[in-house]
Amino acid sequence: MNAPAKIAASPITAGQRLNEGLREMWYPVAPSWMLQQAPLGLTRLSQRIVLWRDADGGVKAIDDRCPHRGARLSMGWNLGDRVACWYHGVEVNGEGRIEDIPALAKCVMKGRQLNRAFPAVERAGAIFVWFGEGEPAPLELPEEISGGEWADILCTAHWKCNWRYAVDNVMDPMHGAYLHAQSHSMAEGDKTATMRARDTESGFVFEKTNQTGVNFDWTEVGVTGALWLRLSIPYGKSAGPGGSFGIVGMVVPVDETSCRVFFWRCRKVQGWSRNAWKFLYRARLESLHWDVLEQDRLILEGMDDKAREQEALYAHDGGIVRLRRMLDQLAAAEVASASEPACEHERA
Ligand code: FES
Ligand SMILES: [Fe+2]
């Protein structure tokens, strides 16, 4: 009998990679408050991961799959340096190595690394995970969420749309004057504009040429180990101290049809005025901001999954077009490097 023919795994395309999420990036996967004592199971970039805190509060992240028979480790127990599976008790440490198999003395599986470990850090009130194959890139966050003179409040939500619609949405300042026309902060200013793009060190700014400092007049995208977007909305004195209101946004793909958005609301306030602002924000502004976010969510969730394939874009969409070009290039580079032979014998 002939040996069965080998079926070659078909390589992933740049378009598929982009839809699932770029891998060579840090992503916020959860706000810090979501990870308490128990292990936390999440799906991000279509991968199941389990997070837990060790005895010092540090974050561990590995595949959420028991190496024994595949139960979700996140349904088990946090033992500090390891998690224990609920099904038969197998213990796996933060490097993805089997620490113990309590049901069987001297099992040869002990010490084997069968789970992938993901680098994880906690910054700006969120847990960031690196999904790339190689050494993690340094993570440099925008100054508004790097501490120092700015104070921030993180708000996060699950949206049932591909992550790319969520980033496109931020790269489209003109929607503020329409979708959010009735909002507390974006009712001012011209409803028409001409727009232009301007390069920056880590990405570009897309801005109105006829208006600045009135409404949602510009937006910026950057890649500095993570992909972030930021914008600023002018606020009057009645909205408390700190001048313009900065927003930093990041999006993590959950799978190809949903994502989690992270928006940090930032103001340049120190000392007692920082507390005054945080109080004012919680008491008066937070619910108004949720209303605005809900408008974005409703529009994006209402769009067809394939809306991108049937668009008729005009000049205001220049920021989106440029952003997509940037993401296409990053995805093409990832896919090309993933298909390169890793060592000499693979080339032979
Ligand atoms: S499936 Fe986890 S210990 Fe058996
Ligand atoms: Fe919006």
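Brief remarks on what is shown
- Some residue of region 53-65 being in contact with a Cys (Cβ under 7 Å, 6 or more places away or on another chain) and crowded, with 22+ Cβ neighbours inside 10 Å: no
- Residue, nearest to R123 (Cα to Cα), within region 231-284, restricted to residues that are at pLDDT below 95 and among the basic types (K, R): R265
- Residues in region 81-94 that are within 12 Å of ligand 1 (Cβ to nearest atom) and closer than 25 Å to F128 by Cβ: V83, V92.
- Some residue of region 108-116 being under 20 Å from A30 (Cβ atoms) and within 12 Å of ligand 1 (Cβ to nearest atom): yes
- Residue match in region 103-113 (condition: in the same structural domain as V29 (by TED's automatic domain parsing) and under 21 Å from L45 (Cα atoms)): no
- Selection within region 263-295 - outside any helix (DSSP H, G or I), more than 16 Å from ligand 2 (Cβ to nearest atom) and open to solvent by less than 80 Å² (accessible area, probe 1.4 Å): C266, R267, V269
This table checks each residue for (1) within 16 Å of ligand 2 (Cβ to nearest atom); (2) at pLDDT 95 or above; (3) buried (at least 19 other Cβ atoms within 10 Å of the Cβ).
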{"residue": "P119", "(1), (2), (3)": "no, yes, no"}
{"residue": "I127", "(1), (2), (3)": "no, yes, yes"}
{"residue": "G134", "(1), (2), (3)": "no, no, no"}
{"residue": "L141", "(1), (2), (3)": "no, yes, yes"}
{"residue": "P173", "(1), (2), (3)": "yes, no, yes"}
{"residue": "L179", "(1), (2), (3)": "yes, no, no"}
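- Residue among P138, P173 that alone is touching a Leu at 6+ places or on another chain (Cβ under 8 Å) and closer than 20 Å to W228 by Cβ: P173
- Total residues in region 247-280, condition touching a residue at least 40 places away in the same chain (Cβ under 8 Å) and touching a Phe, Trp or Tyr at 6+ places or on another chain (Cβ under 7 Å): 14
- Of the residues screened, W150 is one that is aromatic (F, W, Y), open to solvent by 10 Å² or more (accessible area, probe 1.4 Å), in contact (Cβ under 8 Å) with a residue 60 or more places away in the chain and out of contact with any Gly (no Cβ under 6 Å at 6 or more places or on another chain).
- In this entry, R48 is excluded by the filter for residues that are closer than 30 Å to L298 by Cβ, of a type in the set (K, R), crowded, with 21+ Cβ neighbours inside 10 Å and away from ligand 2 (no atom under 16 Å from the Cβ).
The values are calculated or read from the model by the stated rules, or taken from the named source; none is laboratory data. Not measured: the values here are computed from a predicted model. Every residue, glycine as well, gets a Cβ built from its backbone with ideal geometry; the counts of neighbours run over all protein chains shown. Surface accessibility is based on the protein's heavy atoms, side chains included, excluding ligands, DNA and RNA. Shrake-Rupley method; radii C 1.70, N 1.55, O 1.52, S 1.80 Å.
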